[in-house]
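Heads up: the structure comes next, in structure tokens.
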Amino acid sequence: MRFAKQKGSAGALEAHHERTKAKYASNPDIDTAKSKDNFHIIKAKEPYLRETNRRITEVGCKTRVDSVKFVDTLITASPIFFKDKSLGEIREFFQTAVDFLSRKIGRDNIFAAVVHMDEKTPHMHLCFTPITSDGRLSAKEIIGNRVSLSKWQDNFHAHMVEKYPDLERGESASKTARRHIPTRVFKQAVHLTRQAEEIQTILTSINPLNAGKKRDEVVVLLQKFFPGMEKLESRIRKYKREIDQLESDNAVLAKRAEAGEKVSIAKQINENQLKADYHNLKRFVDSLPDEIKRQARTLLKEQQR
């Protein structure tokens, strides 16, 4: 269970949760053919921003410009946990999670809870207004600090494990002193790797007869690739300590997985590939012909003016 505070407009987040767009180029994991299988535990009656404002007005909360208006809560488990579970069993799992949050924060505060079945692992986005029992808008009081977040996780696991005894609680961030690396960082690395593979395939197919056409194709693709690569580099720098720790853990995790200790470790090992993926992308950029890189970056700058 992870919390993300939201202060401003909810448009982009709502579009993602409710799958209102036809395509999701920024998230290659979404299979829109399976979006019909997504379902709501709680369906928003109005657009998220209206739902949020309605609840705040209804209670009479005082707000500031920088107030956290609502909290987006991600709930999931490992892919292994969901394997071979029926749609009814998956719904029951997420309903159990909603029951926990309803008790902790108040059912009236929850205005949306949608389960995504169209990505690699089923997960739920639950949104709530952080309104206290005495009518104040205070995400800080409800969610708390790092120690409080650890208690949230303890309580959530205790609630879920009663019904699902095989669930394992994740390692506490208060003990590891690590920040959580957002899922979008891993997904961005995967997306860029796919783009790099496409570009490399075109480069290797260049011959004297098609050189001009193929080079133009590469330049167009690089104009999309370079901005994404810059964002990834920025995020890699931001989470350098956590990524380095993941890399050092990899050998230990691999041995534990080989010994059959915990099936969930396989997912952690996959996540530890982030740094390797990043270095492979850097090598790919270095291997590109200088002339093509210059041409792509020049055109990109002209577009951004």
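Listed by position, the strands (runs of 3 or more DSSP E) contained in the range 12-120 that have at least 2 residues being of a type in the set (Gly, Ala, Ser) are 110-116. From the residues in the range 123-140 that are outside any strand (DSSP E or B) and touching a strand residue (DSSP E or B) at 6+ places or on another chain (Cβ under 6 Å), which one is surrounded by the fewest Cβ atoms within 10 Å (Cβ to Cβ)? The qualifying residue surrounded by the fewest Cβ atoms within 10 Å (Cβ to Cβ) is 139. Within the range 59-81, restricting attention to residues that are of a type outside the set (A, V, I, L, M) and under 18 Å from the mean Cα position of the chain (by Cα), the residue that is surrounded by the fewest Cβ atoms within 10 Å (Cβ to Cβ) is 79. Tell me, which residue of the range 1-49 that is among the hydroxyl-bearing types (Ser, Thr, Tyr) and surrounded by 12 or more Cβ atoms within 10 Å (Cβ to Cβ) is modelled with the highest pLDDT? The extreme case among them is 48. Restricting attention to the range 147-168, the residues that are touching a residue at least 24 places away in the same chain (Cβ under 8 Å) and either touching a strand residue (DSSP E or B) at 6+ places or on another chain (Cβ under 9 Å) or surrounded by fewer than 12 Cβ atoms within 10 Å (Cβ to Cβ) (or both) total 6.
The values are calculated or read from the model by the stated rules, or taken from the named source; none is laboratory data. Values in this document were obtained by computation on a predicted structure and should not be read as measured data. A quick note on method: Cβ atoms are made from the backbone with ideal geometry, for glycine too, and the neighbour counts reach across all protein chains shown.
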